[in-house]
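Enquirer: One structure coming up, written as structure tokens, with questions to follow.
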Amino acid sequence: MPQPRGALRRLGYIMFLSRWIQAPLYLGLIAAQVVYVWRFMAELLHLITLGFGGRPAETTVMLIVLGLVDVVMISNLLIMVIVGGYETFVSRLRIEGHPDQPQWLSHVNANVLKVKLAMAIIGISSIHLLQIFINAAKPAITDRELLWKTLIHLTFILSAVALAVIDRIMDGHRPAHQSDPQTPAADEQPRKQIAA
């Protein structure tokens, strides 16, 4: 009888170790982050050259700046996925008390990460939609394309609202010590008072 239990324990340990298979994925996203930094610098150099070397139209400058903002927001999304995903699904980062620790990371979990990612996607979609509205006068952009991209943006918003509502409902059903990691459990508070 002890042999099956030992085999199950080893199997569970192997299952637990399998989370490290995801580590190369996060390393790949770091490489993607480097590509976005390179793209940002190239676009910034183009904007500086255009701005100081000629008299570009205001719409052109605005589109380039929106492109830069778009790159930054996608980069922020990558950081949330890399750091938050690694912390949630692979291994603890052990950075508690570090002065540079992001505020959102102290209470991150799978549900919080999903909502934050949804909000980041809405921000990126808003930038893309604004770029399309600025270019709406060009014949290349049809009314049908504009309508569909607006509907897709609204779908992102509804999805984020639904995720936030589901997270709020789930948070209401959790015990108090699980929903707020900073708050001690109810049975621990009287002990601390007695000890004091």
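Enquirer: Does any residue of the range 100-120 turn out to be modelled with pLDDT of 80 or more and either open to solvent by 80 Å² or more (accessible area, probe 1.4 Å) or under 24 Å from MET62 (Cα atoms) (or both)?
Expert: Keep residues of the range 100-120 that are modelled with pLDDT of 80 or more, which gives 117-120.
In the following step, the residues that additionally are either open to solvent by 80 Å² or more (accessible area, probe 1.4 Å) or under 24 Å from MET62 (Cα atoms) (or both) were identified as 119-120.
Yes; the residues of the range 100-120 include at least one that is modelled with pLDDT of 80 or more and either open to solvent by 80 Å² or more (accessible area, probe 1.4 Å) or under 24 Å from MET62 (Cα atoms) (or both).
Enquirer: Let me ask another. Name the helices (runs of 4 or more DSSP H) wholly within the range 135-196 that hold at least 1 residues that are out of contact with any helix residue (DSSP H, G or I) (no Cβ under 6 Å at 6 or more places or on another chain), at pLDDT 70 or above and closer than 26 Å to VAL112 by Cα?
Expert: Details: elements: 143-173, 176-179, 188-195.
Those helices (runs of 4 or more DSSP H) span 143-173.
Enquirer: Of the numbered conditions (1) closer than 30 Å to GLN22 by Cα; (2) touching an Asp or Glu at 6+ places or on another chain (Cβ under 9 Å); (3) among the β-branched types (Val, Ile, Thr), ILE74 fails exactly one; give the number of that condition.
Expert: Of everything listed in (1) closer than 30 Å to GLN22 by Cα; (2) touching an Asp or Glu at 6+ places or on another chain (Cβ under 9 Å); (3) among the β-branched types (Val, Ile, Thr), ILE74 misses just condition (2).
Enquirer: Right, LEU50: modelled with pLDDT under 90 and surrounded by 11 or more Cβ atoms within 10 Å (Cβ to Cβ) or not?
Expert: Numbers: modelled with pLDDT under 90: yes; surrounded by 11 or more Cβ atoms within 10 Å (Cβ to Cβ): yes.
Yes: the conditions hold for LEU50.
Enquirer: Provide a single number: the residues in the range 64-85 that are open to solvent by less than 40 Å² (accessible area, probe 1.4 Å) and either aromatic (Phe, Trp, Tyr) or more than 12 Å from the chain's Cα centre (by Cα) (or both).
Expert: 6
Enquirer: Sticking with this one: Considering only the range 11-47, state which residues are open to solvent by less than 90 Å² (accessible area, probe 1.4 Å) and touching a residue at least 60 places away in the same chain (Cβ under 8 Å).
Expert: Once the filter is applied, which keeps residues that are open to solvent by less than 90 Å² (accessible area, probe 1.4 Å) and touching a residue at least 60 places away in the same chain (Cβ under 8 Å), the range 11-47 yields ARG19, GLN22, ALA23, TYR26.
Enquirer: Next up: Kindly provide the set of residues from the range 53-62 that are open to solvent by 50 Å² or more (accessible area, probe 1.4 Å) and in a helix (DSSP H, G or I), ordered by number.
Expert: Scanning the range 53-62 gives GLY53, GLU58, THR59, THR60, MET62.
Enquirer: Output the residues belonging to the range 86-99 that are at pLDDT 75 or above and surrounded by 11 or more Cβ atoms within 10 Å (Cβ to Cβ). Full working, then the answer.
Expert: We begin by selecting, within the range 86-99, every residue at pLDDT 75 or above; these are 86-93, 99.
Residues satisfying the conditions are TYR86, GLU87, THR88, PHE89, VAL90, SER91, LEU93.
Enquirer: Given the condition at negative phi and not in a helix (DSSP H, G or I), answer yes or no: does some residue in the range 63-81 qualify? Please lay out each step first, then the result.
Expert: Quick first cut of the range 63-81, residues at negative phi only: 63-81.
Checking which are not in a helix (DSSP H, G or I) leaves us with none.
No, there is no match, as no residue in the range 63-81 is at negative phi and not in a helix (DSSP H, G or I).
The values are calculated or read from the model by the stated rules, or taken from the named source; none is laboratory data. Computed from a predicted structure; not experimentally measured. Note: ideal-geometry Cβ built from the backbone for every residue, glycine included; neighbour counts use all protein chains shown. Ligands, DNA and RNA are excluded from the accessible area calculation, which covers all protein heavy atoms including side chains. Shrake-Rupley method; radii C 1.70, N 1.55, O 1.52, S 1.80 Å.
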